[in-house]
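Chemist: Sharing a structure with you now.
The values are calculated or read from the model by the stated rules, or taken from the named source; none is laboratory data. This is a predicted model, so every value here is computed, not measured. Cβ coordinates were reconstructed from backbone atoms using ideal geometry, including for glycine residues, and neighbour counts include every protein chain displayed.
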Amino acid sequence: MKAYGQSAGYADQALNAIRVVAAYSQEEKEVSNYTKYLSRARTVGIKTHCKVSFAMAISFASIFGTYAYAFYMGSVWIHDEFENKTFNRKYSSGDILTCFFGTIFGLMSIGLATPNIKAVTEGKVAAKMAFDIIER
């Protein structure tokens, strides 16, 4: 945001002084300066997008790895005929799918709670600022 702000501020300054720029034929210089500021913003943007994509790759890898592990362990439990002590019978494919979908829905619920947690956090920040003003 800072890099884009600098380039926007420079462009605004050049447009406000357009008569001076045109009078001294400095259009090319202003374009090159604006391009320099934009290249900084581009570099920052590329770094930010790389970090975000790396974080998403780790997130998806952990999700799909968990899926693979769940189905692998489920197949091992079914093949080795482990006992489901809750129902006093051997594990079946229905038990494995029930656990799998329960986990998925639980994780989705946690993900859907994120905006509410963000709102509570923003409220705490606003309350802190208000209480600081009251104490002064």
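Chemist: If we keep just the residues of the stretch 16-30 that are part of a helix (DSSP H, G or I) and surrounded by fewer than 12 Cβ atoms within 10 Å (Cβ to Cβ), which is modelled with the lowest pLDDT?
Modeler: 20
Chemist: Is one or more of the residues making up the stretch 49-65 under 30 Å from residue 12 (Cα atoms), assigned to a helix (DSSP H, G or I) and not aliphatic (A, V, I, L, M)?
Modeler: Checked the stretch 49-65: at least one residue is under 30 Å from residue 12 (Cα atoms), assigned to a helix (DSSP H, G or I) and not aliphatic (A, V, I, L, M).
Chemist: Out of 102, 111, 123, which single residue is out of contact with any Lys or Arg (no Cβ under 9 Å at 6 or more places or on another chain), farther than 26 Å from residue 62 by Cβ and either at pLDDT 85 or above or loosely packed, with under 12 Cβ neighbours inside 10 Å (or both)?
Modeler: 123
Chemist: Right, another one. Please find, within the stretch 35-60, the residue that is nearest to residue 111 (Cα to Cα) out of those that are of a type in the set (Ser, Thr, Tyr) and over 12 Å from the mean Cα position of the chain (by Cα).
Modeler: Among residues in the stretch 35-60 that are of a type in the set (Ser, Thr, Tyr) and over 12 Å from the mean Cα position of the chain (by Cα), the one nearest to residue 111 (Cα to Cα) is 43.
Chemist: Sort out which residues of the stretch 83-106 are touching a strand residue (DSSP E or B) at 6+ places or on another chain (Cβ under 9 Å) and within 16 Å of residue 72 (Cα to Cα), and write them in order of number.
Modeler: Result: 91, 92, 95.
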